[in-house]
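The values are calculated or read from the model by the stated rules, or taken from the named source; none is laboratory data. If you're wondering where the values come from, they're calculated on a predicted model, not measured in any experiment. Note that we place each Cβ from the backbone using ideal geometry, even for glycine, and neighbour counts take in every protein chain shown. We work out accessible area using only protein heavy atoms, side chains counted, and drop any ligands, DNA or RNA first. Shrake-Rupley method; radii C 1.70, N 1.55, O 1.52, S 1.80 Å.
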Amino acid sequence: MDAMIMNQLGEHGKASIYPTGRRNKKGEAVYGISFYYNDIKGCRQRKVITGNKEELLQKRINFLNSIYLQKLEALNIAETTTAANPSVTASLSPACTVTLKRAIEEFLIQYEPTVSHSTFLGEKTNTNNITRIMGDMLIKDITFDDFQSLVNTISQGKNGNQAAPKTVRNHIISFKRIMKYCRKKKWISADDLELITSDIKIPTYITDNDHEEEVKEEKALSCEEAKKVLESLKKNTRYYLVAKILLLTGMRPQEFFALEKSDLVKKEGYIHIRQALIRQNTKIGNNRLYGIGTTKNKGSRRKVPATPLLFHYFDELESLMMKDGSRKKSIAMGNETMVIVDKNGNIIDEHAFGINMVRYLQRNGNCKKFTLGMPRHFYQDQLDILGANINDVEKAVGHVINTVSERHYKVNEQYLKRLLPYVEDLGVMLENPEKCCKNGLDFD
């Protein structure tokens, strides 16, 4: 037996023989043998051969011999080409020497134009962690064990704090996306992709803990807590009005800060959500972190029920901007149609606004970790307690409802009229310190 074949058997000596559960035309049981080998490019590949159990080992040797002959032929062609034209030698490079770091760099170049800037930043964070842990590995050498080890390492978190389940899942998704890219570049085979990425498990100490429930608890805002937040914000009219509007609409903060005056349809009693703030690349032609773009998804483009009291808050917000001069400045900045602008007339920086509001609350003795996303959860919880139809609430907050009627027919906007009485009750509740939701029947 040739030495090269012996090297193949020595390097990838393990082979698995197993029953396939099928029978041939003679009624004999069909077996399979699976093993790894190096192809003519030097890349590690997996091969499966089926047949009679007694013949499988010889079939494996015959296959390796055919690969050996192909390698000899390729070597002869390369030597002949080099002898005829020595200049091509410089262009020849070792096959399958691509590292995971290089693969990630090439992948990100292709990935960035296909997603929003904020999505790309999240992917870049994940891939930076993957590069830090195993970036020097060759793509051809990556195995299932390496992927599982990566997941285990990510799960350990930082500074003694375990990673959140969502963080671990996001890294798994990112790594699988990179491996699929490697498959399309023909750096690994389809079998390799399947073997590396299938049956990856998140450690039980991550999946069995109460982290997700604790996060839900942190995001929850009770009736009493909402009133305390509003009371702490009263001296800052801008923060107070923004919080009131978010509590009574369930809008995402990026949707609220992207509202234009034409979106406030007072006569019909609703607010039209059709766009949202998007995080943009400040290195490309602008110095603003946020711009106007599309909503989170199609379901987010919707109409939100709005009461006269709610429109009154919008009027107060406009009056405030007229007094402090920000409305006048917005005209010079080309933002005169926006419902709210910052004191320089620019589109609101959502992140800075949220941070400053939290700091203001802390300075005024409010210990609740309040974020701009919490009013959305409050809105859903309180309307449910008041007895509103849950499907109507889902439509109002822009959740995708995967029913046949919602996919194929125009959304029934009767939910706006059905929800208005409950939104009015919610507004009265927030206006009166002594009132609060107790059950679905009354709140006195």
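What number of residues within the stretch 40-76 are modelled with pLDDT of 80 or more and acidic (Asp, Glu)?
2
Examine the stretch 57-66 for a residue that is in contact (Cβ under 8 Å) with a residue 12 or more places away in the chain, of a type in the set (Lys, Arg), out of contact with any helix residue (DSSP H, G or I) (no Cβ under 8 Å at 6 or more places or on another chain) and under 18 Å from ILE142 (Cα atoms), and state whether such a residue exists.
Keep residues of the stretch 57-66 that are in contact (Cβ under 8 Å) with a residue 12 or more places away in the chain, which gives 57, 59-61, 63-65.
Imposing the further condition that a residue be of a type in the set (Lys, Arg) reduces the set to 59-60.
The next check asks that each one be out of contact with any helix residue (DSSP H, G or I) (no Cβ under 8 Å at 6 or more places or on another chain); those that pass are 59-60.
Filter once more, so that each one left must be under 18 Å from ILE142 (Cα atoms): none.
No, the conditions are met nowhere in the stretch 57-66.
Quick one: would you say THR307 is among the hydroxyl-bearing types (Ser, Thr, Tyr) and farther than 17 Å from LYS244 by Cα? Outline the logic, then answer.
Numbers: among the hydroxyl-bearing types (Ser, Thr, Tyr): yes; farther than 17 Å from LYS244 by Cα: no.
No.
Can you tell me how many residues within the stretch 155-178 are at pLDDT below 95 and open to solvent by less than 20 Å² (accessible area, probe 1.4 Å)?
Residues that pass the stated criteria total 4.
Within the stretch 412-441, take every residue that is hydrophobic (A, V, I, L, M, F, W, C), in a loop (DSSP other than H, G, I, E, B) and open to solvent by less than 60 Å² (accessible area, probe 1.4 Å) and give me the one that is modelled with the lowest pLDDT.
At the first step, the residues of the stretch 412-441 found to be hydrophobic (A, V, I, L, M, F, W, C) are 416, 419-420, 423, 426, 428-430, 436-437, 441.
Filter once more, so that each one left must be in a loop (DSSP other than H, G, I, E, B): 436-437, 441.
Among the residues that remain, those that are also open to solvent by less than 60 Å² (accessible area, probe 1.4 Å) are: 436-437.
Values: CYS436: 64, CYS437: 54.
This residue is CYS437.
Which residue out of THR127, THR114 is without any contact (Cβ under 8 Å) to a residue 60 or more places away in the chain, surrounded by fewer than 14 Cβ atoms within 10 Å (Cβ to Cβ) and of a type in the set (S, T, N, Q)?
On the way: THR127 fails: surrounded by fewer than 14 Cβ atoms within 10 Å (Cβ to Cβ).
Every option except THR114 fails the conditions.
Can you find even one residue in the stretch 261-269 that is in contact with a strand residue (DSSP E or B) (Cβ under 9 Å, 6 or more places away or on another chain), over 21 Å from LYS395 (Cα atoms) and not polar (S, T, N, Q)?
Checked against the condition, which is being in contact with a strand residue (DSSP E or B) (Cβ under 9 Å, 6 or more places away or on another chain), over 21 Å from LYS395 (Cα atoms) and not polar (S, T, N, Q), the stretch 261-269 yields at least one hit.
Among the residues of the stretch 333-355, count how many are on the phi > 0 side of the Ramachandran plot and loosely packed, with under 15 Cβ neighbours inside 10 Å. Explain how you work it out, then say what you get.
Here is the first cut: in the stretch 333-355, the residues on the phi > 0 side of the Ramachandran plot are 334, 345.
Subsequent filtering for residues that are loosely packed, with under 15 Cβ neighbours inside 10 Å retains 334.
Final tally of qualifying residues: 1.
Mind counting the residues in the stretch 46-68 that are assigned to a helix (DSSP H, G or I) and open to solvent by less than 50 Å² (accessible area, probe 1.4 Å)? Working first, answer last.
Step one: list which residues in the stretch 46-68 are assigned to a helix (DSSP H, G or I), which gives 53-68.
Checking which are open to solvent by less than 50 Å² (accessible area, probe 1.4 Å) leaves us with 56, 60-61, 63-64, 66-68.
Counting residues in the stretch 46-68 that are assigned to a helix (DSSP H, G or I) and open to solvent by less than 50 Å² (accessible area, probe 1.4 Å) gives 8.
Looking for something over 22 Å from HIS351 (Cβ atoms), open to solvent by 60 Å² or more (accessible area, probe 1.4 Å), of a type in the set (D, E, K, R) and at pLDDT 90 or above - is there at least one such residue anywhere in the stretch 196-219? Show your work before the answer.
Just the residues of the stretch 196-219 that are over 22 Å from HIS351 (Cβ atoms), to begin with: 196-214, 216-217.
Subset that is open to solvent by 60 Å² or more (accessible area, probe 1.4 Å): 199, 201, 204-205, 207-208, 210-214, 216-217.
Keeping just the survivors that are of a type in the set (D, E, K, R) gives 199, 201, 208, 210, 212-214, 216-217.
Among the residues that remain, those that are also at pLDDT 90 or above are: 199, 201.
Among the residues of the stretch 196-219, at least one is over 22 Å from HIS351 (Cβ atoms), open to solvent by 60 Å² or more (accessible area, probe 1.4 Å), of a type in the set (D, E, K, R) and at pLDDT 90 or above, which makes the answer yes.
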